[in-house]
Amino acid sequence: MLSFAPTSGDANAKMECAKITSFPVDIKVQFKPDAKPDDVMCFKYYNPTEIIMGKQMKDWLRFSACCWHTFRGTGADPFGFPTLTRPWDDGSNTIDNAKRRLKVAFDFMDKLGIKYWTFHDRDIAPEGDTLEETNRCLDEIVDYALQLMKEKDIKLLWNTCNLFAHSRYMNGASTNPDFHVFAYAAAQVKKSLDIATKMGSENFVFWGGREGYHTLLNTNVRSELDQMAKFFKMVVAYKKKIGFTGQLLIEPKPKEPSKHQYDYDAMTVIAFLKTYGLDNDFKLNIEPNHTTLAGHCYEHDIVMASAYGMLGSVDSNTGSPDLGWDTDQFPMDVKSAALVMKTIVQQGGLTPGGLNFDCKVRRESTDLEDMLIAHIGAMDCFARGLRIAVKIIEDGIMDEAVRERYSTFESGLGAKVKSGTASLDDCVDFILKNGNPKLISGKQEKMEAILNRYL
Ligand code: XLS
Ligand code: CA
Ligand code: CA
């Protein structure tokens, strides 16, 4: 979600801000495999150029920092004022402030060795009173961002449109019952696709926070889903028209801010894409924080999307499964990271997608160094996850156990069923000949115990 820095009326503070053009912690984060546990300003597991399973670690992991949380987050929540004041941000809605923020952001990524970034159109540039004025601001900032990208050799993993914060989108964007709002959203997306093309973005994301409903009493769900599909068809046509080569991605989320969101989870989105004939044009950007919000385990949507060849990218964060809302925390759980990386490695990587840190430091994490520690910790967690995943894959014990579990579909009538050439009558004959099936243990505890040996 977008949040905005506090406005500072203090003229001296504003002048001090204006002088800051780099992230004010002097560091270039290094790989130190022998680091002690409390040395958290270095990587213990992430060694970007080390070759693992035929690829450099940085190419398996493709880390990206996000603008909205990391550089627009203020720590404000529905019950409390901002706690995170950043010395480079004067809180003004000006181009100068937007440029300075971006300059510091690129310096921050450079210090971490992060080679990709992501943004919403409205995080990086001020919104004006009209579409034309807003687009002018955006153009100026995009040109500036292109300079910074070149200077620091940082690429755009994806950009996206904020189609949820402005009051015009309170009833949705493409699913809005009012065509006027649909058209505004389309105009906004067109501009962002032009920007994506100009910036060489490798992907483009749609997250439909208000594409859903609060009550079915005022909602025609079929009309709204048909509208969303038409909107995406227009996007595909425009993508072809301008020659944008990036991957289009949809990001599932079950709820928040809407009570029910149409892009509920991976399988819902895949079914939507297949229903409307859009499945060759889109893949999924999976955020595990949203997966747990949908009532699944952390890696569920990553595994489901990958199983159908639809895993495009990952918003690498976590929620607190004991809560019912979207906390966007930094991913620090090694076991989850290992399971995610196992799926990613087994599908051959995420390119052109990546691991985007759609995460915010806690409201209480008020030191500037917390921003660095959070990213370093999350990068190292996924690097360790990658190392563990590769070991599990190379040993093959767990995959062999799963293969063996389905082996009765590899020969005889099982194989005929698998190839689609068997009938119900064949199955009856099989049972008459072979009698009742035996109970075969699922071996859950054995699998859990084996996994623990790798962690
Ligand atoms: C919100 C989403 C959002 C998308 C991009 O919950 O995670 O930030 O990733 O609009
Ligand atoms: Ca996200
Ligand atoms: Ca989220």
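Laboratory data are not the source of any read-out in this text; all were calculated from the coordinates shown. Please read these numbers as outputs of a predicted model, since none were measured by experiment. Cβ placement follows ideal geometry from the backbone for every residue including glycine, while neighbour counts extend to all protein chains displayed.
Before moving on, here are some points about what is shown:
- In terms of its Cα atoms, the range 111-165 spans 37, 22, 15 Å along the principal axes, sorted from long to short.
- Neighbour counting of Cβ atoms within 10 Å sorts the residues Y454, Y116, fewest neighbours leading, into Y454, Y116.
- In order along the range 104-115, phi translates into HN-Hα couplings of 5, 4, 5, 5, 4, 4, 4, 4, 8, x, 7, 9 Hz, rounded to whole numbers, per the Karplus curve 6.51 cos²θ - 1.76 cosθ + 1.60 with θ = phi - 60° and x for Gly and Pro.
- Each of S223, S92, S441 was scored by other Cβ atoms within 10 Å of its Cβ. Listed from fewest to most, they are S441, S223, S92.
- Semi-axis lengths, Å, the range 229-299, gyration tensor of Cα atoms, sqrt of 5 times eigenvalues: 25, 12, 11
- DSSP beta bridges fully contained in the chain are about 20 percent antiparallel.
- 10 Å binning of all Cα-Cα separations within the range 69-126, expressed as whole percents from 0 upward: 20, 52, 26, 2
- Residue ranges 346-353, 384-391 sort as 384-391, 346-353 when ordered by packing (mean number of other C-beta atoms within 10 Å per residue, highest first).
- Computed log10 I(q)/I(0) for the range 69-192 at 0.09, 0.12, 0.19, 0.23 Å⁻¹: -0.29, -0.51, -1.15, -1.39, from the Debye equation with unit scatterers placed on every C-alpha and solvent omitted.
- For the chain, excluding the exposed loop sites themselves (GluC sites (Glu not before Pro), DSSP loop, at most 11 other Cβ atoms within 10 Å), the longest remaining stretch covers 1-363.
- Compactness ratio for the range 1-115: Cα radius of gyration over 2.2 N^0.38 Å (N = residue count) comes to 1.29.
- Each of D34, D121 was scored by other Cβ atoms within 10 Å of its Cβ. Listed from fewest to most, they are D34, D121.
- Using bins of 20 Å that start at zero, the share of Cα-Cα pairs per bin across the chain amounts to 23, 54, 20, 3, 0, in whole %.
- Relative contact order [Cα under 8 Å, 6+ residues apart], the chain, whole percent: 15 percent
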